[in-house]
Amino acid sequence: ISLNDIPVDYTIISDDLLNINSNTLPHGEYTLKLKSPLYTIAAQNKIIIKPLNVTGLSHSKAFVNDKLRILGDFIIGQNYHLRFSDMESTWLTASSTSALEVVIPYLTADKYTLKLSWQKYNGQIIDLDYQPTIQVKEAEVYVISPKTFNAGETITVTGNGLFDILGIYLDNYTILAEQVTQNSVTFKVPYNFPPGKFKVSFLRKWRRDLK
């Protein structure tokens, strides 16, 4: 099997399906040829190998644990190495030709330049040219409801980036979280909780306390 008379590796998947490895070839148009001792067949349609590149991000700001889509042209099944910084990186496997999906890891709130690379079958490391930036935001609390409550009631906190909250501080009292998602946390006030007015802050697993 060849593309523009350049031999390529291939894998026979079934009687009517071949998997052709074109990762060592530059982008462009190619004619596929199948050769045997008895015949040579040239495909009528051209095979177009597109350049791998990044065109943008699904959003420019995100919270830790948010899902982010890196937009561009990718090879399904290909592994890509994504670097947020010298200390934080991860491997992604493309399940689409148009996007890679990644969950924002445990990063401090800051702006990060995303650097994406992949490795050809011949071992060559290719860095993709376009390096988008993402602003990782500190977790935010929007609403605490109710603000006036009785012992035994449930407090609901809504916001974003709340997935790692373990508990709520009411002054020196700690109430552990019952249900936690990226956007909300619930706490049940103990029946023996004393009356009063309290300052609220949060106990978190991975980062500093959220106030």
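I'm checking my understanding of the structure. Among residues of region 1-33 that are hydrophobic (A, V, I, L, M, F, W, C) and open to solvent by 60 Å² or more (accessible area, probe 1.4 Å), which one is modelled with the lowest pLDDT?
The extreme case among them is 18.
Any idea which of (1) at pLDDT 85 or above; (2) surrounded by 12 or more Cβ atoms within 10 Å (Cβ to Cβ); (3) of a type in the set (Gly, Ala, Ser) is the one residue 43 doesn't satisfy?
The number of the failed condition is (1).
Across region 46-80, what is the total count of residues that are open to solvent by 40 Å² or more (accessible area, probe 1.4 Å) and under 12 Å from the mean Cα position of the chain (by Cα)?
Within region 46-80, residues that are open to solvent by 40 Å² or more (accessible area, probe 1.4 Å) and under 12 Å from the mean Cα position of the chain (by Cα) number 6.
What pairs come up if the first residue lies in region 138-149 and is charged (D, E, K, R), the second is open to solvent by 50 Å² or more (accessible area, probe 1.4 Å), and their beta carbons are under 7 Å apart, counting only those six or more places apart or on different chains?
Cβ pairs passing all conditions: 138/109.
Please count how many residues of region 163-200 are without any contact (Cβ under 8 Å) to a residue 40 or more places away in the chain and within 21 Å of residue 138 (Cα to Cα).
12
Given (1) under 30 Å from residue 70 (Cα atoms); (2) surrounded by 13 or more Cβ atoms within 10 Å (Cβ to Cβ); (3) in contact with a strand residue (DSSP E or B) (Cβ under 6 Å, 6 or more places away or on another chain), where does residue 111 come up short, assuming only one miss?
Going through (1) under 30 Å from residue 70 (Cα atoms); (2) surrounded by 13 or more Cβ atoms within 10 Å (Cβ to Cβ); (3) in contact with a strand residue (DSSP E or B) (Cβ under 6 Å, 6 or more places away or on another chain) one by one, residue 111 breaks only (2).
Could you identify the single residue in 205, 197, 147, 188 that is in contact with a Leu (Cβ under 6 Å, 6 or more places away or on another chain) and either surrounded by fewer than 17 Cβ atoms within 10 Å (Cβ to Cβ) or of a type in the set (Ser, Thr, Tyr) (or both)?
205 is the lone residue from the list that is in contact with a Leu (Cβ under 6 Å, 6 or more places away or on another chain) and either surrounded by fewer than 17 Cβ atoms within 10 Å (Cβ to Cβ) or of a type in the set (Ser, Thr, Tyr) (or both).
In region 172-191, which residue that is modelled with pLDDT of 90 or more and either of a type in the set (Asp, Glu) or part of a loop (DSSP other than H, G, I, E, B) (or both) is nearest to the chain's Cα centre (by Cα)?
That would be 182.
Quick check, is residue 133 over 30 Å from residue 53 (Cβ atoms) and open to solvent by less than 70 Å² (accessible area, probe 1.4 Å)?
no
Take the residues in region 96-108 that are open to solvent by less than 100 Å² (accessible area, probe 1.4 Å) and within 21 Å of residue 50 (Cβ to Cβ), then tell me which one is nearest to the chain's Cα centre (by Cα).
Looking at the filtered set, the residue picked out is 100.
The values are calculated or read from the model by the stated rules, or taken from the named source; none is laboratory data. Just so you know, these numbers come straight off a predicted model, no measurement behind them. Please note: Cβ atoms are built from the backbone with ideal geometry, for glycine as well, and neighbour counts cover all protein chains shown. Keep in mind that these areas ignore ligands, DNA and RNA; they rest on the heavy atoms of the full protein, side chains included. Shrake-Rupley method; radii C 1.70, N 1.55, O 1.52, S 1.80 Å.
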